[in-house]
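The values are calculated or read from the model by the stated rules, or taken from the named source; none is laboratory data. Small disclaimer: the values here were computed from a predicted structure and weren't measured. Here Cβ is always computed from backbone atoms with ideal geometry, including for glycine, and neighbour counts include all displayed protein chains. Calculation scope for accessible area: heavy atoms of the full protein, side chains included, ligands and nucleic acids excluded. Shrake-Rupley method; radii C 1.70, N 1.55, O 1.52, S 1.80 Å.
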Amino acid sequence: MSNLVKEIKSTFAEHDDFFIHEEQFNHTVLFLMGFHSLINFSKSNLYFRQMAELSASVNELFTNLSDQLDVDVKQIIKAVLDGKLVILTGDDQRNAVVEPVPQNLRRSIEEPKNESPVQGPLDAFGEDVDINIGLIRKRLGTERLCHSSYEVGELAKRRISMLYIKGKAPNDLIEKIDQKLKQARSDIETINELNTLFGARKFVPVSHLSVTELPQQAVYSLKRNRVILFLDNTPYAFVLPHLFWDMLSTANDRNFHISFTYLIRTLRGLGILANLILPAAYIAITSVNPEILKIDLALFVAESREGIPLTPLFETLAMVVLVDLVTEAITRLPKTIGPTVTMVGGVILGQGVVEAKLVSNLLVIVITAMLISGSAIVGAQNAVYIRLLKYFILFAASVFGILGICTGLIFVCIILSSLKTCDIPYMAFQITEKGDAK
């Protein structure tokens, strides 16, 4: 193998989708190189052999294949990153940059189903890992984007690919993820099993992974010193580590003016707080601490509950559970039936329980505000664990009132502050390139 080929091979040593294929033509060794995720190698190699049959010499073959001949090393590396097929002679005398048959990255690419980008790209990840990596490389054409592949599982081997930007993602983080993936022995079929692999606690619903189906969001995370994982046959990118502040910001926010960006992030923070405390606050001010209200407001609350047979706790608990059931039903049912369930659950059933005096009008307003505020949270996995945490604060408020809400929030903050992913705190604001969390 020539010195030039060895140099290029060492440059892409951390890219598992990089290939070097050796061919013989007219007693000359030729090396074909490129990325599997960007080049359809079987068809490109067939084209190369067809052109070789029509050529009498290496010089004629190179002339027939390309107009870009005998370029320097930097141009060769750039051509490989751009998805070109590079052909070199074994003696380093000649080289050619060839337009290959590309991977059809648009064949199975659809619009996102679970995320709604505003004024952003409308492509989404699919089940094919190579296509997903190609979508990332189309947006990040740099040799610093590194790729490693793993085969994980005991009964059924699943391919997991790790992507990171060299010099951005902390070395300690990369080494810990690499070690965990190499030591994995059990089968990984679900997102939760992958989450457990990275140390998720059994009784803590907080995910160590941030899940996205948008290539734009994945590239944004890579630039913020994160690591991206792709699991074979799973149309999502998994971002490690997942921090608390990720539920307040998305890559799509950068499409707007910075003032509006900070406004919507503030609203998301208020949405998280409202989702946690609104049902608990209703219980606290109606059954435990009504004295904190002004007289006219206290009379209004008492009038809204006149004739309600249920206690505030059971009244609120019934409505919260009902809303969560409707939410789950809408998620699981086909899209043709989902709007019908929304109308039945949100309008007919809501109006019926009020007219039957099973719940108060004020509680219906509170539950509606809670549902809307929960929808502002970024990431489905974040919305799920916030939904679970509100039950804890709800029960604390039913016993201790406003004090229970404050105590519950403090306890939640303590739990979240104790969480770490690969030694990076969950409540860290950002990750530096040296691996420190701030």
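Tabulated data
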{"read-out": "Within the range 193-220, considering residues that are under 19 Å from G374 (Cα atoms) and either assigned to a strand (DSSP E or B) or in contact with a Gly (Cβ under 6 Å, 6 or more places away or on another chain) (or both), the one least open to solvent (accessible area, probe 1.4 Å)", "value": "T212"}
{"read-out": "Residue check for E151: open to solvent by 10 Å² or more (accessible area, probe 1.4 Å) and either hydroxyl-bearing (S, T, Y) or part of a loop (DSSP other than H, G, I, E, B) (or both)", "value": "no"}
{"read-out": "The lone exception for L105 - which of (1) open to solvent by less than 40 Å² (accessible area, probe 1.4 Å); (2) modelled with pLDDT under 90; (3) not in a loop (DSSP other than H, G, I, E, B) it fails", "value": "(3)"}
{"read-out": "Whichever residue in the range 238-269 is assigned to a helix (DSSP H, G or I) and aromatic (F, W, Y) and, among such residues, is surrounded by the most Cβ atoms within 10 Å (Cβ to Cβ)", "value": "F244"}
{"read-out": "Hey, A124 of a type in the set (A, V, I, L, M), buried (at least 19 other Cβ atoms within 10 Å of the Cβ), out of contact with any strand residue (DSSP E or B) (no Cβ under 9 Å at 6 or more places or on another chain) and not in a strand (DSSP E or B) or not", "value": "yes"}
{"read-out": "Subset tally (residues that are open to solvent by 30 Å² or more (accessible area, probe 1.4 Å) and out of contact with any Phe, Trp or Tyr (no Cβ under 7 Å at 6 or more places or on another chain)) for the range 221-237", "value": "4"}
{"read-out": "The range 14-55, subset in a helix (DSSP H, G or I) and among the polar types (S, T, N, Q), residue farthest from S161 (Cα to Cα)", "value": "Q50"}
{"read-out": "Selection count where residues are of a type outside the set (D, E, K, R) and either surrounded by fewer than 15 Cβ atoms within 10 Å (Cβ to Cβ) or modelled with pLDDT under 80 (or both), scope the range 305-319", "value": "4"}
{"read-out": "Extreme residue, farthest from V101 (Cα to Cα), among residues of the range 45-72 that are polar (S, T, N, Q) and open to solvent by less than 30 Å² (accessible area, probe 1.4 Å)", "value": "S55"}
{"read-out": "Per-region count, the range 56-77, residues assigned to a helix (DSSP H, G or I) and either under 11 Å from I8 (Cα atoms) or in contact (Cβ under 8 Å) with a residue 12 or more places away in the chain (or both)", "value": "11"}
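Okay, residues lined up against (1) on the phi > 0 side of the Ramachandran plot; (2) out of contact with any Ser or Thr (no Cβ under 7 Å at 6 or more places or on another chain); (3) touching a residue at least 60 places away in the same chain (Cβ under 8 Å):
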residue	(1), (2), (3)
S2	no, yes, yes
F12	no, yes, yes
H15	no, yes, yes
F25	no, yes, no
T28	no, no, yes
I39	no, yes, yes
Q50	no, yes, no
L54	no, yes, no
